[in-house]
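Visitor: Submitted below is the structure of interest, expressed as structure tokens.
The values are calculated or read from the model by the stated rules, or taken from the named source; none is laboratory data. Bear in mind the structure is a predicted one, so any value in this text is a computation, not a measurement. Here the Cβ positions follow ideal geometry from the backbone for every residue, glycine too, while neighbour counts run over all protein chains shown.
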Amino acid sequence: MIRSLSVILFSLLCALSVHSQIKVTGAFAQDSVEIGHELDFTLSIETESGYEIVAVPRLFLDSVYSALQTYKVNPNDTAGATPPQLADYEIIHTGDWSDANDDNIFGPDELVWTTSSVGSKTLHEHSFRFKFWDPGQNVIALPPVLYQDASGTQDQYYDGGQVVIKVTPPAAVQGISPDSLQAAPIKPIITEAKNITDFYIYFYIIGGLLLGALVYWLTKRYNNRPTESVVVETAPEVIIPAHEKALSALSELRSKQLWQKGEVKAYQSELTFIIRDYLEDRYDVPALESTTDEIIRNLKDANLDITQVGSLKRILQVADLVKFAKATPDESIHDSFMSEAESFVQQTKEEKTMTDE
């Protein structure tokens, strides 16, 4: 029994010794503050010489609770069993303290104090700014403090202290009597006499219906009107006979005097093109894309005599030699071929009869 008492007394002496070496307090700049107004809170830690503050948890800043909100949760709780309910408040700033690594602890490199010395004791102070929105008592718990003595041994100090701030409603509503806040009795609804504006909606509906009927009538009348047939007169297509087109092209080629200028290949190419184009129009054979032999075969049913076939074949073959073999025929043959071509067209032209008109 005596041994047990000795252990208890020794523990109490150690605790008293620690409490004498470090002390944590806090205070608001004033006892009360209006809702929405800013207020400074100063944390003070007093240490003996050789003691160093290592860390302060940030939790105490985020755990301010409201007595009014706690009461609302359980009005019948008189034993304090209801967990404290957080107050509605803001931390405007934390001064020079910064939780840089987001570990919710202000470490030795993040603690910035305003210090003053009194004898062997050093007072560390730092201020925070709050704004409160819950009326009534708001409570902030003083934080536990991790400290280190001269030998380098670390320990934690926490005495569970609290600081209370009274938050009051705005001054404009503080003098209102409670009776004036009670609900007024329900009054009967006042019926207003009708006027012309109450009937505007009916005017709009009737006007809309009349406008729709007018649009429908005009549309139906427009769609039922007699349509006038428009006759577009087109000019009759003028078809130039194949022989006239060929003779005109031969005359134009003669006037160019190509072979006289030494342009023999161009002359022969244009001459045979005129003849081939005439054969396509006159006999409906693919003369422009066919060889000389193919053209002669396609004209076997054209009732050409042997002289006409021979003249046509000679003109086309000489032109092929000039174009593809780079042959140089006698100059007299150019004018002769022009005459033979004109004669061939005249002899084979399609004569119109009275029934064709």
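Visitor: For the condition among the hydroxyl-bearing types (Ser, Thr, Tyr), more than 15 Å from Asp335 (Cβ to Cβ), surrounded by 14 or more Cβ atoms within 10 Å (Cβ to Cβ) and more than 60 Å from the chain's Cα centre (by Cα), what is the one hit in Tyr283, Tyr267?
Guide: Tyr283
Visitor: So in region 39-53, with the set limited to residues that are touching a Phe, Trp or Tyr at 6+ places or on another chain (Cβ under 6 Å) and among the hydrophobic types (A, V, I, L, M, F, W, C), which one is farthest from Val139 (Cα to Cα)?
Guide: Ranking the qualifying residues of region 39-53, first place goes to Ile53.
Visitor: Please go through (1) farther than 26 Å from Lys23 by Cβ; (2) at pLDDT 90 or above for Thr122 and return the number of the only condition it doesn't satisfy.
Guide: (1)
Visitor: While we're looking at this one, here's another question. With the checklist (1) assigned to a strand (DSSP E or B); (2) free of Cβ contacts under 8 Å to residues at least 24 places away in the same chain in hand, flag the one item Leu43 doesn't pass.
Guide: All conditions are met except number (2).
Visitor: Sticking with this structure for a sec: Only one of these is surrounded by 11 or more Cβ atoms within 10 Å (Cβ to Cβ) and either touching a Pro at 6+ places or on another chain (Cβ under 7 Å) or closer than 28 Å to Phe324 by Cα (or both): Glu244, Glu294. Name it.
Guide: Unique residue meeting the criteria: Glu294.
Visitor: Taking region 327-346 as the search range and keeping residues that are acidic (Asp, Glu) and in a helix (DSSP H, G or I), which one is surrounded by the most Cβ atoms within 10 Å (Cβ to Cβ)?
Guide: So the residue we want is Glu340.
Visitor: Based on what the data block shows, is Glu331 at pLDDT 85 or above and not small (Gly, Ala, Ser)?
Guide: Taking the combined requirement at face value, the residue does not satisfy it.
Visitor: For region 145-161, which positions are of a type in the set (Ser, Thr, Tyr) and closer than 17 Å to Val56 by Cβ?
Guide: Correct list: Tyr147, Tyr157, Tyr158.
Visitor: Further, regarding this structure: If you take the residues of region 298-314 that are exposed (fewer than 12 other Cβ atoms within 10 Å of the Cβ) and of a type in the set (D, E, K, R), which of them is farthest from Leu288 (Cα to Cα)?
Guide: Going through the qualifying residues, I end up with Asp305.
Visitor: Something else about it: Which residues, counting only those in region 53-102, are farther than 25 Å from Val24 by Cα and over 49 Å from the mean Cα position of the chain (by Cα)?
Guide: Tyr71, Asn74, Pro75, Asn76, Asp77, Thr78, Ala79, Ala81, Thr82
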